[in-house]
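Scroll down for the structure; my scribbles are underneath it.
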Amino acid sequence: MKPFPGSVESEALGGAPTFKLTPGGVPTANQGHAILYVHGGGFVMGGGELAAKAAQVYALKCGMVVYAVDYRLAPDHPYPAALDDVVAAYRGLLDRYVPEKTAIIGISAGGGLVASALLKVRDAGMPLPAAAVLLTPECDLTESGDSFETLRDLDVILHRRPTAPTLLYAAGHDLRDPMLSPLFGDFTRGFPPTLLISGTRDLFLSNTVRLHRALRRAGAHADLHVFEAMPHGGFYGAPEDADSLAEQIRFLHCCWSMRASPPI
């Protein structure tokens, strides 16, 4: 990856370890905005400086501050350590930014953590962010979706069910608990506008589609984009990745615009 043209600082946000990415020359219109990014890695990898590297594209393309949560990983730190870190980081974000100017993004295991964290902060009475982006979220640790079988070995990134790391993270807890598998949560009491992205060769396609349906049934605003032939997490450099990122940025700015304007 290219060097990041800005500053990267290790910082505790709400007591949780994060990397703060600030691109050079943040536009005036974007000052006061922030994104919380939650990396993937099956709950067992993807942390450290890699978390910051994965988040830098959002800082650059959105032109604003991004906090990448370096949450604790299993097996040394099983559930609920990672979830607690994401919730703590979001609470810390609210100490610095108004919720109407925030968004939260998560990919794979990070997408599942984001969805569970949003249910938890909502139930705690905290305000929700203006938008959430869930990229191929690991939202069903029971692995009951159709694509876990139909796309087995067709996904060139995630070939088979990631059962072993999932069980390391769950550490014997009920896999249907919404704090582990947010697909089974109650979304009727509120959830931010959400963009969900997957692909036709993504092992987590069923996860993404089913979570989209659960949000829609609850009356939440939820958009679903499924990219042709995309495996788990994207193409890692193909033009479709740029299309996906453009959709995400368009969605975020639309949500920020709606939250900034008073209702008619």
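Read-outs: derived from the displayed coordinates by stated rules, not from any lab. Predicted, not measured: the structure shown is a model, and the values here were computed from it. Every residue, glycine among them, receives a Cβ derived from its backbone with ideal geometry; neighbour counts consider all protein chains shown.
Using only DSSP helix segments of four residues or longer, with each worth -39500 (n - 2.57), what per-residue ellipticity at 222 nm results for the chain after dividing by its residue count and rounding to 500?
Helices in the chain give a 222 nm mean residue ellipticity of -11000 deg cm²/dmol.
Report the charge-dipole magnitude of the chain in Debye, nearest 20, computed about the Cα centre from +1 at each Lys and Arg Cβ and -1 at each Asp and Glu Cβ.
Dipole about the Cα centre, nearest 20: 560 debye.
What's the extension gain from residue 124 to residue 250 if we count 0.36 nm per residue and subtract their Cα-Cα distance?
My answer for the length gained is 42.4 nm.
Give me the extension gain from residue 146 to residue 94: residue separation times 0.36 nm, minus the current Cα-Cα distance, reported in nm with one decimal.
Between residue 146 and residue 94, full extension yields an extra 14.9 nm.
Looking at the chain, what % of its DSSP beta bridges pair antiparallel, to the nearest 5?
30
Quick one: if the Förster radius is 25 Å, what FRET efficiency do residue 11 and residue 257 give, using the C-beta to C-beta distance and rounding to 0.05?
Numbers: r = 28 Å, r/R0 = 1.13.
Given R0 = 25 Å and the Cβ-Cβ separation, E is 0.30.
Given Cα pairs under 8 Å that are at least 6 residues apart, what percent is the relative contact order of the chain? Don't skip to the answer; put the middle values down first.
Numbers: 561 pairs, mean separation 45.7, N = 264.
The normalised contact order for the chain reaches 17 percent.
Distance in nm between label sites at residue 218 and residue 153, each 7 Å beyond Cα in the beta-carbon direction?
3.7
What is the total of Lys pairs in the chain with C-alpha atoms under 27 Å apart, excluding same-chain pairs fewer than 8 positions apart?
Within the chain, the lysine pair count is 11.
Residues with amide H under 5 Å of residue 41's amide H, sequence separation 5 or more or different chain, H placed in the peptide plane at 1.01 Å from N; which?
Under 5 Å from the amide H of residue 41: 109, 110.
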